[in-house]
Amino acid sequence: MQGRDAQDRPLRDTDRPLPRPAHDHRGDLDHPHHHHHADAGAGAALPHDSNALISARSLWLSRSGRTILQGIDIDIAANEILTLIGPNGAGKTTLVRVLLGLEASDKGTTRRKPGLVVGYVPQRFEVDRAIPLTVARFVGLGRNAEDEEIARVLGEVGAGQLGDRQLSELSGGELQRVVLARALVRSPSVLVLDEPVRGVDYVGEAELYTLIGRLRSEHGFGVLLVSHDLHVVMAQSDRVVCLNRHVCCSGVPQSVAQHPEYARLFGPQAARAFGLYHHSHDHRHDLAGEPRPPRATDRPSGAPSDGQ
Amino acid sequence: MRALFAGIGLAIVAAPLGCFVVWRRMAYYGETVAQAGLIGIAAGLALSLNLTASVLVVTLAVSALLVLLSRQQIVPFDSLLGLLAHAALAVGVIAASLVRGPQLDLMAFLFGDIFAITSTDLRWIYIGGGVALVALLFVWRPLLALSVHEDLAAAEGVPTGRVKLMFVLVLALVVAIAIKIVGVLLTIAFLIMPAAAARPLSETPEQMALFAAIFGALSVALGLFVSVTFDTPGGPSIVLILALIFAAAIFPTVLRGRR
């Protein structure tokens with residue numbers, strides 16, 4: 001059954017004047033022990049960000065005695081790519097499911113902007129062969145779209161020639177693109193991708209993230225991207241939230257990668273891998289084959305500049 | 001003639017519904033609901049009610065019970081269905097023989113009696129079946145979307161709970177209507193066999209429903225012909241033809257060893 005938004009805690013913060021912009025607490029890194037005062041009961045909960053596409057406050061969730069989400073605050077803004085990273089079992093997928101309303105949190109509130117259109121690429125997509133389905137028809141299940149519209153989004157993700165194929169005949173990489181096309185055909189205001197590169201090779205992974213970055217620039221939707229490592233995601237992310245049941249640290253990619261909590265979670269290798277990444281950054285553009293003038297997606301410096 | 005009209009009408013209603021039973025892997029669920037229908041028959045006989053109406057009450061009640069029982073996870077759902085299907089059958093057979101005594105013709109209820117269709121039964125098939133068909137068309141897109149991937153559909157805003165409820169209600173209605181014709185033991189066969197036979201030939205969901213309707217109608221016509229010619233029972237003859245159609249349809253796929 002579909003989860004409902006958890007509204008069990010009265011939103012007491014609305015009447016409280018805002019001491020600072022809502023994004024401030026994550027744009028910088030002055031809260032390395034964020035989780036200590038993120039407790040719902042501490043009275044420090046921030047109000048929902050009214051500009052955010054999806055805004056969640058003090059999310060708590062336990063399953064069979066294990067507390068998976070511990071007082072999570074998160075906002076997804078329009079035109080930003082927010083990447084959620086964390087080790088296995090950190091609660092990334094659970095958090096995404098709560099944000100999408102697929103699961104209810106035990107405590108805390110989730111606000112979705114009225115009229116929000118969600119495009120979703122779930123973590124695992126197993127094709128059910130019992131249902132005969134062409135690729136075009138599958139994409140059309142996202143929205144009752146014209147054939148030309150479906151062909152257009154398939155072209156946009158580089159799957160233009162797949163329209164008449166059966167969904168069950170696709171390779172992992174092709175399927176990934178087709179599911180992305182279904183999300184895009186909805187003209188989403190927020191695109192949610194849960195580890196979209198499972199079963200895709202390394203080059204395919206880089207290509208997919210470049211594609212997502214480009215689509216964001218063109219369409220201006222917000223993107224929530226889940227990844228188990230920071231490696232390739234970095235260049236495309238505006239903001240990174242590092243999750244290990246609580247929010248360990250958050251901020252622009254560079255600052256998260258240098259953060260002690262991040263090093264503790266992923267080990268020193270991760271930090272070194274990030275250094276390596278900087279080297280490979282230069283020829284990622286060659287790989288993509290499309291040298292593009294300074295892209296908004298590469299915005300390297302500073303906190304997300306929400307001019308709202 | 002009445003038998004033919006009844007059978008073909010049912011085949012057309014059963015085809016798209018049977019496709020969803022196959023896609024949603026609810027064959028055993030449907031079997032359980034159908035076998036519980038015997039309790040409805042016993043109750044209808046005892047209280048002298050319209051049998052289809054009393055069966056409908058029972059199939060709806062069993063559907064509600066199954067929804068409740070699916071909320072626990074200690075006993076796997078398929079075991080639960082196996083348990084309930086046979087418990088219901090036992091209760092139904094005992095109740096029916098208590099009501100009617102030893103002269104009860106159990107065969108007619110277990111395997112249906114298509115040649116004993118009354119004009120009231122025909123009305124049930126065409127009006128009830130029509131309602132079921134319209135209801136199914138109404139939820140076709142969202143039901144298809146959630147059958148392909150439930151979480152994806154839910155994230156896209158499909159009210160999955162309501163759509164699934166609608167499907168379960170339509171299934172209970174069609175099972176209740178079908179029991180009079182093909183009996184509690186063959187009802188699910190009549191739903192899933194045309195759909196299964198249609199699968200290897202289909203490229204789209206709608207094509208599969210259409211082929212299923214054609215196979216269902218064809219098997220009714222051929223089955224009745226066989227039944228009249230060789231004096232075999234009606235329901236089982238139809239199901240036998242369906243099995244042969246399925247075998248012919250799946251054979252090339254098996255030979256190819258793929259898909």
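The values are calculated or read from the model by the stated rules, or taken from the named source; none is laboratory data. What you see is a predicted model; the values in this text were computed from it and never measured. Heads up, the Cβs are rebuilt from the backbone with ideal geometry, glycines too, and the neighbour counts pull from every protein chain shown. Accessible surface areas use protein heavy atoms only, side chains included; no ligands, DNA or RNA. Shrake-Rupley method; radii C 1.70, N 1.55, O 1.52, S 1.80 Å.
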Scan the stretch A:88-128 for residues that are touching a Pro at 6+ places or on another chain (Cβ under 7 Å) and hydrophobic (A, V, I, L, M, F, W, C) and jot them down.
-> A:117, A:118, A:121
State whether the residues of the stretch A:80-91 include one that is in contact with a Leu (Cβ under 8 Å, 6 or more places away or on another chain) and either of a type in the set (Lys, Arg) or within 14 Å of chain B (Cβ to nearest Cβ) (or both).
-> no
Restricting to the stretch B:147-161, what's the tally of residues that are assigned to a helix (DSSP H, G or I) and either at pLDDT 95 or above or at the interface with chain A (Cβ under 7 Å from one of its Cβ atoms) (or both)?
-> 9
Looking at (1) within 13 Å of residue B:192 (Cβ to Cβ); (2) touching a residue at least 24 places away in the same chain (Cβ under 8 Å), can you tell me which one residue B:6 breaks?
-> (1)
Taking the stretch A:216-234 on its own, how many of its residues are modelled with pLDDT of 90 or more, in a helix (DSSP H, G or I) and among the hydrophobic types (A, V, I, L, M, F, W, C)?
-> 0
In the stretch A:123-142, anything within 25 Å of the chain's Cα centre (by Cα) and closer than 17 Å to residue B:204 by Cα is listed as A:127, A:135, A:138, A:139, A:140, A:141, A:142
Residue match in the stretch A:63-77 (condition: more than 10 Å from chain B (Cβ to nearest Cβ), in a loop (DSSP other than H, G, I, E, B) and in contact with a Lys or Arg (Cβ under 6 Å, 6 or more places away or on another chain)) | no
Is it true that some residue in the stretch B:97-106 is away from chain A (no Cβ under 14 Å) and closer than 19 Å to residue B:20 by Cα?
-> no
Scan the stretch B:19-35 for residues that are part of a helix (DSSP H, G or I) and closer than 11 Å to residue B:81 by Cα and jot them down.
-> B:27, B:28, B:29, B:30, B:31, B:32, B:33, B:35
Does the stretch A:48-62 hold any residues that are surrounded by fewer than 20 Cβ atoms within 10 Å (Cβ to Cβ) and not in a strand (DSSP E or B), and which are they?
-> A:50, A:51
Return yes when residue B:192 is within 14 Å of chain A (Cβ to nearest Cβ), under 10 Å from the mean Cα position of the chain (by Cα) and either touching a residue at least 24 places away in the same chain (Cβ under 8 Å) or open to solvent by 20 Å² or more (accessible area, probe 1.4 Å) (or both) and no when it is not.
-> yes
Check the stretch B:168-186 and report whether any residue there is open to solvent by 50 Å² or more (accessible area, probe 1.4 Å), more than 14 Å from chain A (Cβ to nearest Cβ) and in contact with a Leu (Cβ under 6 Å, 6 or more places away or on another chain).
-> yes
Does the stretch B:115-126 contain any residue that is surrounded by 24 or more Cβ atoms within 10 Å (Cβ to Cβ) and within 17 Å of residue B:239 (Cβ to Cβ)?
-> no
Test: residue in the stretch A:133-141 that is crowded, with 20+ Cβ neighbours inside 10 Å, in a strand (DSSP E or B) and either more than 14 Å from every other protein chain (Cβ to nearest Cβ) or among the aliphatic types (A, V, I, L, M) (or both) | no
Mind listing whichever residues of the stretch A:114-132 are among the β-branched types (Val, Ile, Thr) and facing another protein chain (nearest Cβ under 7 Å)?
-> A:118, A:131
If you go through the stretch B:227-239 one residue at a time, do you hit one that is part of a helix (DSSP H, G or I), polar (S, T, N, Q), open to solvent by 40 Å² or more (accessible area, probe 1.4 Å) and over 23 Å from residue B:130 (Cα atoms)?
-> yes
Is it the case that some residue within the stretch B:127-134 is farther than 17 Å from residue B:206 by Cβ, open to solvent by 20 Å² or more (accessible area, probe 1.4 Å), out of contact with any helix residue (DSSP H, G or I) (no Cβ under 9 Å at 6 or more places or on another chain) and of a type outside the set (A, V, I, L, M)?
-> no
Tally, over the stretch B:11-53, of residues that are within 14 Å of chain A (Cβ to nearest Cβ) and open to solvent by 10 Å² or more (accessible area, probe 1.4 Å) | 6
Among (1) surrounded by fewer than 23 Cβ atoms within 10 Å (Cβ to Cβ); (2) free of Cβ contacts under 8 Å to residues at least 40 places away in the same chain - the single one residue A:101 does not satisfy = (2)
Check on residue B:8, surrounded by 21 or more Cβ atoms within 10 Å (Cβ to Cβ) and more than 11 Å from the chain's Cα centre (by Cα) = no
Taking the stated definitions as given, is residue B:121 more than 14 Å from chain A (Cβ to nearest Cβ) and acidic (Asp, Glu)?
-> yes
Can you find a residue in the stretch A:181-196 that is open to solvent by 50 Å² or more (accessible area, probe 1.4 Å) and hydrophobic (A, V, I, L, M, F, W, C)?
-> no
What about residue A:164, is it at the interface with chain B (Cβ under 10 Å from one of its Cβ atoms) and surrounded by fewer than 19 Cβ atoms within 10 Å (Cβ to Cβ)?
-> yes
Just one of B:165, B:201 is within 14 Å of chain A (Cβ to nearest Cβ), open to solvent by 40 Å² or more (accessible area, probe 1.4 Å) and under 22 Å from residue B:57 (Cβ atoms); which is it?
-> B:165
Could we say that residue A:170 is touching a residue at least 12 places away in the same chain (Cβ under 8 Å), more than 23 Å from the chain's Cα centre (by Cα) and open to solvent by 10 Å² or more (accessible area, probe 1.4 Å) here?
-> yes
Taking the stretch A:93-113 on its own, how many of its residues are at the interface with chain B (Cβ under 10 Å from one of its Cβ atoms), not in a helix (DSSP H, G or I) and not hydrophobic (A, V, I, L, M, F, W, C)?
-> 2
Which condition number does residue B:49 fail, the rest of (1) part of a helix (DSSP H, G or I); (2) within 26 Å of residue B:5 (Cα to Cα) being met?
-> (1)
